[in-house]
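Enquirer: This is the structure, below, for whatever I ask next.
Please treat every number below as a calculation from the coordinates, not as lab data. Owing to the predicted nature of the structure, the values given are computational and were not obtained by experimental measurement. We place every Cβ from the backbone using ideal geometry, glycine too, and count neighbours over all the protein chains shown.
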Amino acid sequence: MENLTPRQQKILKIIISEYIHTGVPIGSKTLVAKYRLGVSSATVRNEMATLEERGYLTQPHTSAGRIPTEQGYRYFVQKLMDETQLSPTEQLMIQHQFHQARLELDQWMRLSAAVLAHTTQSASVVTSPKVNRCRVKHVELISIHDHVALLILVLQEGTIKQQIINLEQPHNQDELRSISRQLTDLWSGAELHTVKAVSSTLTGLAEQIAGVVTDTMQRIDDRTTSDLYHAGLLHLLEEHAVRNDTLEQIIRVVEERHLIEQLIGQALPAKGVQIIIGGEGKWDDLSQVSIILSRYGSEQGASGALGVVGPIRMPYERAVSIVQYMSSLMSNLITDLYGPTPK
């Protein structure tokens with residue numbers, strides 16, 4: 001990406017910021033009158049013409065001002081965009097919503113998608129956290145009847161599985177509690193192969209529970225995809241400035257699992273927020289949308305991805321600050337509740 005002069009950078013940044021805010025092409029007279037650039041309208045026009053020649057601006061009509069191109073937006077997010085943080089008031093409001101929620105992974109995912117969509121007024125996507133190999137955190141058996149119990153299996157990455165167990169022999173709650181402690185102590189932090197190995201000497205109900213737990217862990221380990229959550233399409237439907245063909249592309253991103261998985265796999269090989277503008281030449285179906293994505297979780301433990309999807313004319317600074325904050329919040333919530341996964 002070629003270098004621009006400080007004045008060209010300033011003009012480009014103002015035009016993009018103004019256009020994101022108003023959706024109206026920006027002319028040289030407006031820039032000079034509103035921003036006191038210290039140069040004449042003719043000088044500004046010359047600089048805008050240069051920016052247009054280099055592919056950063058375009059002129060939709062002969063008599064109109066300029067608007068940013070995809071290349072202009074990319075230059076903006078890479079070199080000109082200010083780093084901002086979500087306001088303390090909004091941070092506290094979001095934290096309060098999560099603290100009110102039940103400590104269940106599914107509810108967290110739905111809430112995070114809703115918060116992202118509401119605060120950005122865009123569509124949001126969130127994938128549930130996943131690890132290469134799940135590990136046991138806790139086992140609980142609750143008596144429902146003498147011959148029936150509820151098995152609750154909590155895994156390190158936050159997955160909670162519940163299953164009704166028909167007991168071959170009657171067991172009261174004290175007996176079930178004792179077996180729960182035994183199995184939790186035996187399996188805590190263990191992956192599937194370890195659970196199988198240390199369970200070879202179990203008998204009776206403990207052996208039965210071991211069979212259910214290993215089957216459950218096997219299914220989770222064999223799963224290749226995470227659950228996908230999304231919200232916010234209504235915000236875009238109510239935004240009249242979003243063209244129908246742009247809306248169709250946004251819907252395709254949030255509805256088609258294989259596409260979002262491809263985006264996450266290719267666009268997030270490293271840490272930090274990634275911004276995809278107009279498909280970046282890799283995804284033709286995304287020519288009119290921008291996507292801001294970030295991983296959350298930890299490298300050793302469970303991790304997922306979250307982000308927002310909207311038209312290219314997106315308030316990038318605010319959207320990035322929200323995605324960054326939500327990524328940090330989700331990472332901390334998962335670590336605090338379920339603990340870090342052992343290495």
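Enquirer: May I ask which residue of 25, 58, 9 lies farthest towards the positive end of the charge dipole of segment 6-80, with charges of +1 (Lys, Arg) and -1 (Asp, Glu) on Cβ and the Cα centre as origin?
Expert: Working it through, the farthest residue towards the positive pole turns out to be 9.
Enquirer: To continue, here is another question. With +1 assigned to the C-beta of every Lys and Arg and -1 to the C-beta of every Asp and Glu, and no other charges, what is the dipole magnitude of the chain about the Cα centre in debye, to the nearest 20?
Expert: 1360 debye
Enquirer: Sequence gap at least 6, Cα distance under 8 Å: using those rules, report the relative contact order of the chain to the nearest whole percent.
Expert: Dividing the mean separation by the residue count of the chain yields 19 percent.
Enquirer: Would you mind checking 10/282; 161/196; 13/34; 137/196; 13/282 for any pair whose Cα atoms are more than 23 angstrom apart? The partial results should precede the final answer.
Expert: Details: 10/282 30 Å; 161/196 18 Å; 13/34 14 Å; 137/196 15 Å; 13/282 26 Å.
Pairs exceeding 23 Å: 10/282; 13/282.
Enquirer: Report the extension gain between residue 257 and residue 91 in nm, rounded to one decimal, defined as 0.36 nm multiplied by the number of residues separating them, less their alpha carbon distance.
Expert: Between residue 257 and residue 91, full extension yields an extra 56.8 nm.
Enquirer: Apply the a/c threshold of 1.5 to the C-alpha gyration tensor of segment 6-80 and tell me whether it is rounded, prolate or oblate.
Expert: rounded
Enquirer: Can you tell me the order of 163-172, 251-260 when each peptide is scored by its average per-residue count of other Cβ atoms within 10 angstrom, highest first?
Expert: 251-260, 163-172
Enquirer: Something else now. So which lysines pass the test for residue 271, namely a Cα distance under 17 Å, with those fewer than 8 places away in the same chain ruled out?
Expert: Reachable lysines: 130.
Enquirer: Also, I was wondering about something else. What spacing in nm lies between the two simple spin-label points modelled at residue 196 and residue 174, each 7 Å away from Cα in the Cβ direction?
Expert: 3.8 nm
Enquirer: Using a 10 Å cut-off around each Cβ, can you sort 330, 93 from fewest to most neighbouring Cβ atoms?
Expert: Starting with the residue having the fewest Cβ neighbours, the order is 93, 330.
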